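A short worksheet on the structure shown next.
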Amino acid sequence: DSGVTQTPKHLITATGQRVTLRCSPRSGDLSVYWYQQSLDQGLQFLIQYYNGEERAKGNILERFSAQQFPDLHSELNLSSLELGDSALYFCASSSSTDTQYFGPGTRLTVL
Amino acid sequence: AQSVAQPEDQVNVAEGNPLTVKCTYSVSGNPYLFWYVQYPNRGLQFLLKYITGDNLVKGSYGFEAEFNKSQTSFHLKKPSALVSDSALYFCAGYNFNKFYFGSGTKLNVKP
């Protein structure tokens, strides 16, 4: 168990809808990262937050947004969902050592 | 563009034999380098990392990795493979607050 929790585990929704994925980092970790893992594109870095502020951006679509709250948990919002957004979404957290610890993931299915 | 490459989609090895999973990187500066393992329906687990110093890094579960600056490689190795090592392995590079993951290599260890 990495200490990173993600909810929900599974999410099934329809095209055009909006969903929110939640992540709680390990105790004491200030950085939160979001990744998308799909079969054809591997692991894609989406975005990183550090202590509430956006620190780095990867291949995140404009339909997606994220934030990190004062208690350090983070949410990833996905809107106007398309079939191609179906994937595993991982959250990871790290402290200053830069090693990331990954949560179990949320499997999103868009029908 | 910065990237990490894992040239083999799949590696097959017999139990008890040595294994190598290859990784090369194209990340500027002196990147940190990582190996992660992913078991089915699980998040990624940290195996080991290289920051500086000895080119041979030892990690979890008997794995080690060899850093070679001239070849920009960071190959994962284990002297004697176990069936339980069968999983998906990811190499990653980190620099300037961004992580770059390879596409993953599926390791199959046969009894």
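The values are calculated or read from the model by the stated rules, or taken from the named source; none is laboratory data. Source: prediction; values computed, not measured. With ideal geometry, Cβ positions are generated from the backbone for all residues, glycine too; neighbour counts draw on all protein chains shown. Surface areas here come from the heavy atoms of the whole protein model, side chains and all, with no ligands, DNA or RNA. Shrake-Rupley method; radii C 1.70, N 1.55, O 1.52, S 1.80 Å.
Brief remarks follow.
- When the surface is traced with a 1.4 Å probe over the full set of protein chains, B:K110 keeps roughly 120 Å² accessible.
- With the simple spin-label model, which puts each label point 7 Å out from Cα in the Cβ direction, the B:S70 to B:N95 separation comes to 2.0 nm.
- Modelled spin-label separation between A:N51 and B:I51, with each label point placed 7 Å from Cα along the Cα-to-Cβ direction: 1.8 nm.
- From phi via Karplus (6.51, -1.76, 1.60), per-residue ³J(HN,Hα) for the range A:63-70 in Hz, x at Gly/Pro: 6, 9, 8, 9, 7, 10, 8, x
- Calculated from backbone phi, Karplus (6.51, -1.76, 1.60) coupling profile of the range A:98-111 in Hz, x at Gly/Pro: 6, 5, 9, 10, 9, x, x, x, 10, 8, 9, 10, 10, 9
- Other residues with beta-carbon under 15 Å from the beta-carbon of B:G29 carry, at +1 per Lys or Arg and -1 per Asp or Glu, a net charge of +1.
- Residue-averaged beta-carbon neighbours from other chains (10 angstrom radius) around B:86-98: 2
- Near B:A81, the amide H atoms lying under 5 Å from its own belong to B:G16, B:N17, B:L19; only residues 5 or more places off or on other chains count, and H is placed 1.01 Å from N.
- Anisotropy class of the protein assembly as shown from Cα gyration tensor, a/c 1.5 cut: prolate
- Largest accessible area first, the residues A:T13, A:T106 order themselves as A:T13, A:T106 under a 1.4 Å probe with ligands, DNA and RNA left out.
- Counted by Cβ distance under 12 Å from B:E8, the other residues give a net charge of +1, where Lys and Arg count +1 and Asp and Glu count -1.
- Euclidean distance of C-alpha centroids, the range A:89-111 and the range B:67-84, integer Å: 25
- Under 11 Å, Cβ to Cβ, from A:R63 - net charge with Lys/Arg +1 and Asp/Glu -1: -2
- Cross-link pairs A:K9/B:K22; B:K49/B:K98; B:K22/B:K98; A:K9/B:K110; A:K57/B:K78 - those with Cα-Cα distance over 27 Å: A:K9/B:K22; A:K9/B:K110; A:K57/B:K78
- Comparing the full protein assembly with the isolated chain (1.4 Å probe, heavy atoms, ligands and nucleic acids excluded), the residues of the range B:11-35 losing at least 10 square angstrom of accessible area are B:Y32, B:F34.
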